[in-house]
Amino acid sequence: MKNISWRIELGAYDLQVVEEVTITKSVSSLTDTAVIKLPVSVLNKALTLNDKLKRGDKVAVYVGYDADLVKEFEGYLEHIQINQDGISVECEDAMFLFRKAVQNRTLKAISVKGIVQLLIRDLGLSLTVNCSYEMNYEKFIINNAQGFDVLTKIQEDTKANIYIRDNSIYIEPSYLTKAGEVVYDFARNIENGNLTWKRAEDRKVQIEISCTSPAGKVLKATKGVT
């Protein structure tokens, strides 16, 4: 039997005790997150973090089996929550760097890529922009907003996947990037299931698909039997 191994670097510290770690990754969300849960006390002594950690401290989470570790999360401490059930250290990936105020401005005839490049310049970041969208705004207003708010608005308007990988920020249509393949096998990695085999002619299905093109146009198609 394999043993779970882990290492968590939090600020200047390597954590020695952890109750639970939840890592969430999705290109459809602006941020990848990690929630590290710690006990309130260790060896009958209260665990205090407020004087040791601060918002923006770097975080790295490594997990694996039998000391064969893989870095599953890298980011920054967003905030700490403390209650009677324990301590919750909530972290975000590099999108955390966009949680700062940017310059107020009214932009005209500007592309999505151009807006993001302005954000990066305002925040002093060294990120490369990889944008697959050709969409332009006739007018775009930034007023008392953080860079993160602007990216959220762009994602709402375009339905694009916006994420940071390898010192680049990507803005691209959904399902454009294939991250890998997973093989599901009832004999290896599926605990249970309720699949039912049916012949195609016995199964009446109608599918409606809608998407947004890189130019911002909504496309729809319907196929099948009602």
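The values are calculated or read from the model by the stated rules, or taken from the named source; none is laboratory data. Worth saying up front: this structure is predicted, and the values here are computed from it rather than measured. Virtual Cβ from ideal backbone geometry, glycine too; neighbours counted across all protein chains shown. For accessibility, only protein heavy atoms count, side chains too; no ligands or nucleic acids. Shrake-Rupley method; radii C 1.70, N 1.55, O 1.52, S 1.80 Å.
Listed values, structure above:
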| item | result |
| --- | --- |
| Residue ID - most open to solvent (accessible area, probe 1.4 Å), chosen from residues in the range 154-202 that are among the small types (Gly, Ala, Ser) and in contact with a Ser or Thr (Cβ under 8 Å, 6 or more places away or on another chain) | Ser174 |
| Looking only at the range 71-84, and only at residues there that are modelled with pLDDT of 90 or more and open to solvent by 80 Å² or more (accessible area, probe 1.4 Å), the one that is nearest to the chain's Cα centre (by Cα) | Glu74 |
| Residue under evaluation Leu119, criteria (1) open to solvent by 80 Å² or more (accessible area, probe 1.4 Å); (2) in a helix (DSSP H, G or I); (3) not aromatic (Phe, Trp, Tyr), criterion not met | (1) |
| Test: residue in the range 38-49 that is modelled with pLDDT of 90 or more and either surrounded by 13 or more Cβ atoms within 10 Å (Cβ to Cβ) or not in a strand (DSSP E or B) (or both) | no |
| Positions within the range 164-223 being assigned to a loop (DSSP other than H, G, I, E, B) and hydroxyl-bearing (Ser, Thr, Tyr), in sequence order | Ser174, Tyr175, Thr177, Tyr184, Thr196, Ser213 |
| Any hit, the range 142-155, residues being touching a residue at least 12 places away in the same chain (Cβ under 8 Å), assigned to a loop (DSSP other than H, G, I, E, B) and closer than 19 Å to Ser213 by Cβ | no |
| Asp149 being of a type in the set (Asp, Glu) and at pLDDT 95 or above | yes |
| Residues that are open to solvent by less than 30 Å² (accessible area, probe 1.4 Å) and either assigned to a strand (DSSP E or B) or without any contact (Cβ under 8 Å) to a residue 60 or more places away in the chain (or both), drawn from the range 132-141 | Tyr137, Phe140 |
| Single unsatisfied condition, Val218 versus (1) among the aliphatic types (A, V, I, L, M); (2) out of contact with any Phe, Trp or Tyr (no Cβ under 8 Å at 6 or more places or on another chain); (3) within 30 Å of Asp93 (Cα to Cα) | (3) |
| Count of the range 15-37 residues which are part of a loop (DSSP other than H, G, I, E, B) and in contact with a Lys or Arg (Cβ under 6 Å, 6 or more places away or on another chain) | 2 |
| Candidate set: the range 208-226, residues that are touching a residue at least 12 places away in the same chain (Cβ under 8 Å) and open to solvent by 90 Å² or more (accessible area, probe 1.4 Å); chosen: the one nearest to the chain's Cα centre (by Cα) | Ile209 |
| Any hit, the range 133-154, residues being more than 22 Å from Asn104 (Cα to Cα) and not hydrophobic (A, V, I, L, M, F, W, C) | yes |
